Amino acid sequence: MLKEILFASHNAGKITEIKQILAPFGITVKTAADMDLPDVEETGTTFAENSLLKSQTIAKATGLPCLADDSGLCVDALNGAPGVFSARYAPNRDFDKGMDKLLAEMAQSKNKSRDAHFCCVISLSYPNGEYHLFEGRVDGQIAMQKMFGADGFGYDPLFVPNGYDCSFAQMAKVEKNKISHRGRAMQKLLEYIKNLVE
Ligand code: IMP
């Protein structure tokens, strides 16, 4: 029975979210910060590889089941960039500058498509080597300019999900979570956990 999970993240927002989601199942969430573990370097070439790298390394090091996630924005006109490099693509992790860079590179590209998608892979690794992957994706368009709202982080002001005429940054958090890559991956993780508990 899954009683305790270690979440390999230092991101306070993600940690609060996962604790709230797993509390009703009686699962305690410890974090990399609680255990004083270092960040694992993301050397993989896919979201799944990076996510697994984090969860497998920490599951083996601690002997606890470990959850990790990796996500990013893939733009068709840039051959899928920034992709797994989404965090590092923004100069000094300044996403306002990162969005300017993205718009400038798209303007230079011969491919005039505005199609893009966000991807998220959540992995759950056990110390014995068993692992499970939960993937979520949301398709949309890159806006011609930033569309800021009350919420949002990262590239949210540039991303307009298909079927909407506002950016992720202009949507309420609960609305974004219903259709977002992370929300969808999380739903799949929840299904897996519900089946374990039942
Ligand atoms: P990581 O998953 O912590 O490695 O970070 C991936 C990067 O992708 C983040 O730093 C954001 O820039 C970007 N990203 C991932 N998900 C979202 C999202 O929902 N909105 C905006 N940007 C995102």
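The values are calculated or read from the model by the stated rules, or taken from the named source; none is laboratory data. Keep in mind the model is a prediction, meaning the values are calculated, not measured. Positions of Cβ are generated from backbone atoms using ideal geometry, with glycine treated the same way; all protein chains shown enter the neighbour counts. Surface areas here come from the heavy atoms of the whole protein model, side chains and all, with no ligands, DNA or RNA. Shrake-Rupley method; radii C 1.70, N 1.55, O 1.52, S 1.80 Å.
Specify which residue in the list Cys74, Leu52, Ser9 is farthest towards the positive end of the charge dipole of the chain, using unit charges on the beta carbon of Lys, Arg (+1) and Asp, Glu (-1), about the Cα centre.
Cys74
What does the charge count around Gln170 come to, taking other residues whose C-beta lies under 9 Å from its C-beta (Lys +1, Arg +1, Asp -1, Glu -1)?
-2
Nearest 10 degrees, 0 to 90: what angle lies between the long axis of helix 12-22 and the longest principal axis of the chain (Cα atoms)?
50 degrees
Ordering Lys54, Lys101, Lys14 from largest to smallest accessible area (1.4 angstrom probe), what's the sequence?
Final ranking, largest accessible area leading: Lys101, Lys14, Lys54.
Sort 109-119, 2-12 for me by packing, meaning the mean count of neighbouring Cβ atoms within 10 Å per residue, highest on top.
2-12, 109-119
Once you treat every alpha carbon in the chain as an equal point and sum by Debye, what is log10 I(q)/I(0) at q = 0.15 Å⁻¹?
Treating every Cα as an identical point scatterer, log10 I(q)/I(0) equals -0.92.
Averaging over every viewing direction, what projected area does the convex hull of the Cα atoms of segment 58-107 cover, in nm²?
One quarter of the hull surface, i.e. the mean projection, equals 4.6 nm².
With +1 assigned to the C-beta of every Lys and Arg and -1 to the C-beta of every Asp and Glu, and no other charges, what is the dipole magnitude of segment 4-197 about the Cα centre in debye, to the nearest 20?
For this selection, approximately 260 debye.
Computed on alpha carbon atoms, what radius of gyration and Dmax characterise segment 1-76, expressed in Å?
Final numbers for Rg and Dmax: 12.8, 42 Å.
Given the convex hull over the Cα atoms of segment 42-130, what projected area results after averaging over all orientations, in nm²? Show your work: numbers first, answer last.
Numbers: hull surface 25.3 nm².
Projected area, direction-averaged: 6.3 nm².
Relative to the longest principal axis of the C-alpha atoms of the chain, give the angle of the C-alpha long axis of helix 47-62, reported between 0 and 90° and rounded to the nearest 10°.
30 degrees
Using unit Cβ charges (K, R positive; D, E negative) and no other charged atoms, how large, in debye to the nearest 20, is the dipole of segment 1-92 about its Cα centre?
Computed about the Cα centre, the dipole is about 240 debye.
Is there a quick way to get the dipole size of segment 87-198? I mean about its Cα centre, with the Cβ of Lys and Arg at +1 and of Asp and Glu at -1; what is the value in debye to the nearest 20?
Working: 16 positive and 14 negative charges, 43 e Å.
Taking the Cα centre of segment 87-198 as origin, the dipole is about 200 debye.
Given a 1.4 angstrom probe, I'd like the percentage of the accessible area of segment 1-64 that is carbon and sulfur, rounded to a whole number.
Carbon and sulfur: 53 percent of the exposed surface of segment 1-64.
What spacing in nm lies between the two simple spin-label points modelled at Ala87 and Asn11, each 7 Å away from Cα in the Cβ direction?
If labels sit at Ala87 and Asn11, their model points lie 0.8 nm apart.
Of all DSSP beta bridges located in the chain, what percent are antiparallel, nearest 5?
Taking every DSSP beta bridge with both residues in the chain, the antiparallel ones total about 80 percent.
Which angle from 0 to 90°, rounded to the nearest 10, does the C-alpha axis of helix 181-197 make with the longest principal axis of the chain?
Compared with the principal axis, the helix lies near 20 degrees.
Go through Cys120, Cys166 and list them by solvent-accessible area, largest first, probe radius 1.4 Å. The partial results should precede the final answer.
On the way: Cys120 0, Cys166 35 Å².
My answer, sorted largest first, is Cys166, Cys120.
Could you pull the accessible area for Thr45 with a 1.4 Å probe, rounded to 10 Å²?
We get 110 Å² for Thr45.
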